[in-house]
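The values are calculated or read from the model by the stated rules, or taken from the named source; none is laboratory data. Bear in mind the structure is a predicted one, so any value in this text is a computation, not a measurement. Counting neighbours? That spans all protein chains shown, and the Cβs are built from the backbone with ideal geometry, glycine included.
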Amino acid sequence: MIHEALYTFNTENKGWGVFTKDFIPEGTIVELSPVIVMSAAEKKLLNKTALYHYIFDWDNGKCCMAMGLIPVYNHDYQSNCEYYQDYEDNTIFIKTMRPIYPGEELTINYNGDWDNRETVWFEVK
């Protein structure tokens, strides 16, 4: 499930991102997507590829590749969305943490919690 207002756009500074054409209220689940779970050994291999920037850590040292738009949500230290992982259903969903306005980019915090200020592994633009 992907909210009908979402679209992707290739930004000048951050590459692909997810944006909205309509107002989206706080607390809205804007995407629910299945994931492909991979082993810890596969994660080590993926960490040496361009996919490293698009996979998520999963339980027990594993990783996953999410379907849908989830791999292209950009990072923000005080993001307007948060992602949630369901290890039993092998899904990830994105929920808004505040109202999102038309034309605004939807972001997640790659550290997990929407307002986590720990330094990430790349330069934030």
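Being surrounded by 12 or more Cβ atoms within 10 Å (Cβ to Cβ), among the β-branched types (Val, Ile, Thr), modelled with pLDDT of 95 or more and under 27 Å from residue 36 (Cβ atoms) narrows it down to one of 108, 94, so name that one.
94
Of all the numbered requirements in (1) within 13 Å of the chain's Cα centre (by Cα); (2) free of Cβ contacts under 8 Å to residues at least 12 places away in the same chain, residue 49 misses one, and that requirement is (1). Restricted to strands (runs of 3 or more DSSP E) entirely inside the range 1-73, those with at least 3 residues that are surrounded by fewer than 18 Cβ atoms within 10 Å (Cβ to Cβ) are 6-11, 15-20, 29-38. Set side by side, the residues 7, 54 differ, and just one is within 16 Å of residue 108 (Cα to Cα), in contact with a strand residue (DSSP E or B) (Cβ under 9 Å, 6 or more places away or on another chain) and at pLDDT below 95, which is 54.
Residue under question is residue 26, and the condition is that it be closer than 18 Å to residue 94 by Cα and out of contact with any strand residue (DSSP E or B) (no Cβ under 7 Å at 6 or more places or on another chain); does it hold? Steps first, please.
Values: closer than 18 Å to residue 94 by Cα: yes; out of contact with any strand residue (DSSP E or B) (no Cβ under 7 Å at 6 or more places or on another chain): no.
So residue 26 fails the test.
Taking into account only those residues within the range 66-81 that are more than 18 Å from residue 5 (Cα to Cα) and of a type in the set (Gly, Ala, Ser), which is modelled with the highest pLDDT? Per the criteria, the residue is 66.
Yes or no, residue by residue, for (1) over 19 Å from residue 10 (Cα atoms); (2) at pLDDT 95 or above; (3) touching a helix residue (DSSP H, G or I) at 6+ places or on another chain (Cβ under 9 Å):
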position: 47; (1), (2), (3): yes, no, no
position: 83; (1), (2), (3): yes, no, yes
position: 89; (1), (2), (3): yes, yes, no
position: 99; (1), (2), (3): yes, yes, no
position: 124; (1), (2), (3): no, no, no
